[in-house]
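> Once you've had a glance at the structure underneath, I'll fire off some questions.
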Amino acid sequence: MIKVAKFGGSSVANAEQFRKVKNIIESDPSRKFVVVSACGKTCREDHKVTDLLYLTHAHLKYGVSYEPIFSLIEEKYLGIAEELGLKTDLRAKFDQIRSIMKKDLSEDYLVSRGEYLTAVLMAEYLGFAFADAADVIRFRYDGSIDYDYTGKMLEQYARENKGVVVPGFYGAMPNGVIRVMSRGGSDVTGAVLANILNADVYENWTDVSGFYMADPKIVDHPYQIPRINYSELREMSYMGANVLHDDAVFPVKDKNIPINIRNTNEPDNPGTMIMENCAEYDRKEPPHFITGITGRKNYTVITAVRNHNEFETGFLRRILSVFESFNVPIETIPTTVDTVSVIVAGEKVSSCLYEIIGRIREELKPEELHIEEHVAIIAIVGRAMKQQPGISGRLISEFGNNGINIKVLSQTNAERCIEVGVLDRDFEKAIRCIYEKFIKEEGAVK
Ligand code: ASP
């Protein structure tokens, strides 16, 4: 059994968190590959090391003194090393970074030092080998991961060591130059490792016990989602429930490796399992029809009415191409016989809304054209909704029972997600009432 365990910034924020990581690793010998982020915040007022490194680079670039910020980072790492009694010569490492800073230092190199330093310390603390991501994670020039090269390097480390720590978030180009991934990229490093090492599970340790059935800022102590499949995860995270970097899914999904979201501060909690196919588990323990409820506010709905539109082909294509020419992505397009509503994120359309309206008016000559702003979309997601008559009827009547007016409604043939548009001001109330009625009262999770 091989487990790849990735620990996010909050899990390595200070010496106490390092101790928790060690307990987790030592409690299961299959946790042989560890990926770490840079130190995150210890409290609200604290700063993430990666943010401080970006700031250091900005100061360096504009010739402003960076020392006060950079020394904060140094103190943080020195403090952890001292508290844990680690021997790594951190001062020498900081001196080396400083000397490169005086020459020609790239932003990517500097910000990658957060993960680098965390991994060096963690490797010593766990008694594992340190594998620098600059040596093992290789990008191609187009930015994709070179799996052949990365695979060879990782397999060599795996053969020669009982345990390995790899810094997340960065790798190197074929010419050896360090390059960072997008923010939150350590999740991707962990997923790449899991893919290459054919891990049985990819554990992603963070500060929440997995995905919740609704946003804890809206619903008090929502239930945790025990299992979720990748399609549901995509719907949930696209609509706002974010725990994992989007690109972390593909490397593991390809090989059918489950991702287990776990909480470093609550290691006995089994967390959420994300897997391609939940069928085997679902047979034993049938899931509730709602896996989770999520959503986002501030959509704009543009509705065009063209009477006897059913006789006219190309209307839909032409209206959508207006949005395309302004580079505005479309969220969803509910239609009826003569009416089409195009729903877009408010922030994506705010700078060109009136130009778009002008073009639609000119090119499509609709009889009516309406704009409605501040609409929220609530996504009710669940693999178990498929082929179950009556679900949407029950959901919709619950909105009615609570006096919430539905603005738009959509569901595809996959029957995995029902999207309900309401006014922004009804957003929280709508989520709460669906949660109360269908999840809490029905005891969705045992
Ligand atoms: N440290 C990087 C960030 O803050 C990468 C990561 O934590 O995954 O975005």
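> Could you name the aspartates and glutamates in cross-link range of LYS61, using Cα to Cα under 18 Å and dropping any fewer than eight places away on the same chain?
Output for LYS61: ASP51, ASP104, GLU107, ASP108.
> Taking the alpha-carbon centroid of each part, what is the distance from the stretch 298-355 to the stretch 227-251 in angstrom?
A separation of 27 Å, based on Cα centres.
> State the percent of C-alpha pairs, over all pairs in the stretch 316-366, separated by a distance greater than 13 angstrom.
Details: 723 of 1275 pairs.
For the stretch 316-366, the fraction of Cα-Cα distances above 13 Å is 57 percent.
> Per DSSP H run of n ≥ 4, the term is -39500 (n - 2.57); total these for the chain, divide by its residue number, and report the mean residue ellipticity at 222 nm rounded to 500 deg cm²/dmol. Could you put the intermediate results ahead of the total?
On the way: 16 runs with 171 residues, N = 446.
Result for the chain: -11500 deg cm²/dmol, rounded to the nearest 500.
> So which chymotrypsin sites (Phe, Trp or Tyr not before Pro) in the stretch 91-190 pass both tests, a DSSP loop state and at most 15 other Cβ atoms within 10 Å of the Cβ?
Passing sites in the stretch 91-190 are TYR141.
> Could you pull out every residue, at least 5 positions away or on a different chain, whose amide H is within less than 5 Å of the one on ARG179? Hs are placed 1.01 Å off N in the peptide plane, and Pro or chain starts have none.
Long-range HN contacts for ARG179: GLY171, ALA172, MET173.
> Sort out the exposed loop GluC sites (Glu not before Pro) in the chain (DSSP loop, at most 13 other Cβ within 10 Å) and tell me the longest stretch that has none.
Numbers: sites that count: GLU45, GLU312, GLU367, GLU441, GLU442.
The segment 46-311 is the longest one with no such site.
> Could you please state, rounded to a whole Å, how far the C-alpha centre of the stretch 356-391 is from the C-alpha centre of the stretch 1-70?
The stretch 356-391 and the stretch 1-70 have Cα centres spaced 42 Å from each other.
> Treating only the Cβ atoms of Lys and Arg (+1) and Asp and Glu (-1) as charged, compute the dipole magnitude of the chain about its Cα centre; round to the nearest 20 debye. Walk me through the numbers on the way to the answer.
Values: 54 positive and 64 negative charges, 115 e Å.
It comes to approximately 560 debye.
> Still on this structure, please answer the following. Quick check for me: using +1 on Lys/Arg Cβ and -1 on Asp/Glu Cβ, what's the dipole size of the stretch 211-318 about its Cα centre, in debye to the nearest 20? Before the final figure, lay out the partial values.
Numbers: 13 positive and 15 negative charges, 75 e Å.
In total the dipole reaches around 360 debye.
> Something else: Using alpha carbon centroids, what distance separates the stretch 105-133 and the stretch 163-189, in Å?
First find each Cα centre; the distance between them is then 10 Å.
> About its Cα centre, how strong a charge dipole does the stretch 372-446 have in debye, to the nearest 20, once Lys and Arg get +1 and Asp and Glu get -1 at the Cβ?
Details: 11 positive and 11 negative charges, 74 e Å.
Dipole of the stretch 372-446, to the nearest 20 debye: 360 debye.
> So which of LYS255/LYS284; LYS3/LYS48; LYS284/LYS386; LYS41/LYS348; LYS48/LYS152; LYS162/LYS253 end up more than 22 Å apart by C-alpha? Walk me through the intermediate numbers first.
Working: LYS255/LYS284 24 Å; LYS3/LYS48 27 Å; LYS284/LYS386 18 Å; LYS41/LYS348 31 Å; LYS48/LYS152 33 Å; LYS162/LYS253 26 Å.
Exceeds cut-off: LYS255/LYS284; LYS3/LYS48; LYS41/LYS348; LYS48/LYS152; LYS162/LYS253.
> Can you give the relative contact order of the stretch 220-289 as a percent, counting alpha carbon pairs under 8 Å and 6+ residues apart?
Working: 60 pairs, mean separation 28.2, N = 70.
Averaging sequence separation for qualifying contacts and normalising by length gives 40 percent for the stretch 220-289.
> Taking amide hydrogens as modeled 1.01 Å from N in the peptide plane, which residues meet the under 5 Å criterion relative to PHE211, leaving out close sequence neighbours?
Answer set, sorted by chain and number: ILE225, THR272.
> Please identify the helices of the chain, taking whole runs of DSSP H, that span at least 24 Å along their own axis as judged from the Cα atoms and have a mean Kyte-Doolittle score of -0.5 or higher. Don't skip to the end; give the middle numbers.
Values: long enough: 67-84 (25 Å, 0.22); 107-126 (29 Å, 0.24).
TM-like helix candidates: 67-84, 107-126.
> Over the chain, what is the relative contact order in whole percent, taking alpha-carbon pairs under 8 Å and six or more residues apart? Intermediate results must be reported in sequence, preceding the final value.
On the way: 843 pairs, mean separation 58.5, N = 446.
Computed value for the chain: 13 percent relative contact order.
> Please turn the phi angles of the stretch 272-283 into ³J(HN,Hα) values with the Karplus equation 6.51 cos²θ - 1.76 cosθ + 1.60 (θ = phi - 60°), one per residue in order, whole Hz, x for glycine and proline.
Using θ = phi - 60°, the values come out as 10, 9, 10, 9, 4, 9, 9, 3, 4, 6, 5, 5 Hz.
> Pairs of Cα atoms under 8 Å, at least six residues apart: use those to get the relative contact order of the stretch 302-446, whole percent.
22
> Which FRET efficiency value, to the nearest 0.05, is calculated for LEU84 and ASN277 with the Förster distance at 41 angstrom and r the Cβ-Cβ distance?
On the way: r = 41 Å, r/R0 = 1.01.
That pair, LEU84 with ASN277, gives E of 0.50.
All of the numbers you see were taken from the coordinates with simple rules; none came from a lab. As the structure is a prediction and not an experimental result, all values here were calculated from the model. FYI the Cβ positions are ideal-geometry reconstructions off the backbone, even for glycines, and counts take in every protein chain you see.
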